[in-house]
Ligand code: SAH
């Protein structure tokens, strides 16, 4: 019996934002592997084994999923949003590099609606011009690199989507990020705090950067810093198509 491995994104929260392709993969699965809150989003049923694990267990989780697939199971590794954006797809490929015997397994990566796209759509069109995405967690990279990227993104006048802005274990980083952006001359820029988008706890708040406070973000918030031309129209925020 030949197993398979599918790495799927569950979208930002709302069932309506799970793609039909991902729903079909979940129905065909024998095993669901992932961070516990994401595994919990997949309803249990007879014949389905669920394997929840802790945060920060990515590489071990990826190895476990590959092993199950090699044993003949149809495994779906779940991430929130898109699995290729600060999520499990990279961890699976990293595990594959160490274990060449698994490289022939049928493997698919199924895209999902990533948080910045769901958040941008709620706010209007703040990513309508050039933009970048920065993960503010320094679990997997040195903090000085994050500072450098923030400075250069500000200088290049990108709109900036900030993932993982703030958590209980990293309360300082986001305050420092706001300071860096203020020092880079971004004080007048529009900033969107998009929390728990597409869930019942959704909140959306827009301020200018100089009025942004660190407590406005938590681990369920996606922050979008506009570019220098980003503006408001009524309750909407958008980046004009044209920049001179
Ligand atoms: N793979 C995911 C991102 C994982 S990193 C994706 O593509 O969306 C986790 C971070 O994503 C959170 O700290 C938060 O910044 C953001 N995020 C995830 N879901 C969100 C939601 N529903 N609303 C706002 N931000 C969200």
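Going by the conditions given, is residue 136 touching a strand residue (DSSP E or B) at 6+ places or on another chain (Cβ under 9 Å), under 18 Å from residue 12 (Cα atoms), modelled with pLDDT of 95 or more and within 16 Å of the ligand (Cβ to nearest atom)?
Taking the combined requirement at face value, the residue does not satisfy it.
Of all residues in region 209-234, which are more than 15 Å from residue 127 (Cα to Cα) and either surrounded by 14 or more Cβ atoms within 10 Å (Cβ to Cβ) or within 16 Å of the ligand (Cβ to nearest atom) (or both)?
209, 212, 214, 215, 216, 217, 218, 219, 220, 221
Could you tell me whether residue 3 is surrounded by 13 or more Cβ atoms within 10 Å (Cβ to Cβ), modelled with pLDDT of 95 or more and farther than 20 Å from residue 106 by Cα?
The answer is no for residue 3.
Kindly check whether there is at least one residue in region 56-70 that is assigned to a loop (DSSP other than H, G, I, E, B) and surrounded by fewer than 22 Cβ atoms within 10 Å (Cβ to Cβ).
Checked against the condition, which is being assigned to a loop (DSSP other than H, G, I, E, B) and surrounded by fewer than 22 Cβ atoms within 10 Å (Cβ to Cβ), region 56-70 yields at least one hit.
Taking region 150-174 only, how many residues are within 16 Å of the ligand (Cβ to nearest atom) and in a helix (DSSP H, G or I)?
Adding up the residues that qualify gives 3.
Please identify the pairs in which a residue from region 196-218 that is under 15 Å from residue 161 (Cα atoms) and without any contact (Cβ under 8 Å) to a residue 60 or more places away in the chain has its Cβ atom under 6 Å from the Cβ atom of a residue that is within 14 Å of the ligand (Cβ to nearest atom) and part of a loop (DSSP other than H, G, I, E, B), counting only partners at least 6 apart or on another chain.
Filtered contacts from region 196-218: 217/165; 217/166; 218/166.
Suppose the filter is within 23 Å of residue 13 (Cβ to Cβ) and not in a loop (DSSP other than H, G, I, E, B); does residue 197 pass it?
It is false that residue 197 is within 23 Å of residue 13 (Cβ to Cβ) and not in a loop (DSSP other than H, G, I, E, B).
Please go through region 110-126 and pick out each residue that is touching a residue at least 12 places away in the same chain (Cβ under 8 Å), within 12 Å of the ligand (Cβ to nearest atom) and either within 21 Å of residue 160 (Cβ to Cβ) or more than 15 Å from the chain's Cα centre (by Cα) (or both).
Once the filter is applied, which keeps residues that are touching a residue at least 12 places away in the same chain (Cβ under 8 Å), within 12 Å of the ligand (Cβ to nearest atom) and either within 21 Å of residue 160 (Cβ to Cβ) or more than 15 Å from the chain's Cα centre (by Cα) (or both), region 110-126 yields 113, 114, 115, 116, 118, 119, 120, 122, 123.
Test each condition in (1) free of Cβ contacts under 8 Å to residues at least 24 places away in the same chain; (2) more than 16 Å from the ligand (Cβ to nearest atom); (3) closer than 19 Å to residue 239 by Cα for residue 145 and report the one that comes out false.
Tallying (1) free of Cβ contacts under 8 Å to residues at least 24 places away in the same chain; (2) more than 16 Å from the ligand (Cβ to nearest atom); (3) closer than 19 Å to residue 239 by Cα, residue 145 fails exactly one: (3).
Looking only at region 71-109, which residues are in a loop (DSSP other than H, G, I, E, B) and over 18 Å from the mean Cα position of the chain (by Cα)?
Matches in region 71-109: 71, 72, 73, 99, 103, 104, 105, 106.
Consider residue 109 carefully, then state whether it is touching a strand residue (DSSP E or B) at 6+ places or on another chain (Cβ under 9 Å), at pLDDT 95 or above, more than 30 Å from residue 244 (Cα to Cα) and surrounded by 23 or more Cβ atoms within 10 Å (Cβ to Cβ).
no
Filter region 35-71 down to the residues that are at positive phi and either in contact with a strand residue (DSSP E or B) (Cβ under 9 Å, 6 or more places away or on another chain) or within 16 Å of the ligand (Cβ to nearest atom) (or both) and list them by number.
Residue satisfying the conditions is 56 alone.
The values are calculated or read from the model by the stated rules, or taken from the named source; none is laboratory data. These numbers were taken from a predicted model, which means no experiment stands behind them. Because the Cβ atoms are built from the backbone with ideal geometry, glycine has one as well, and the counts that use them run over all protein chains shown.
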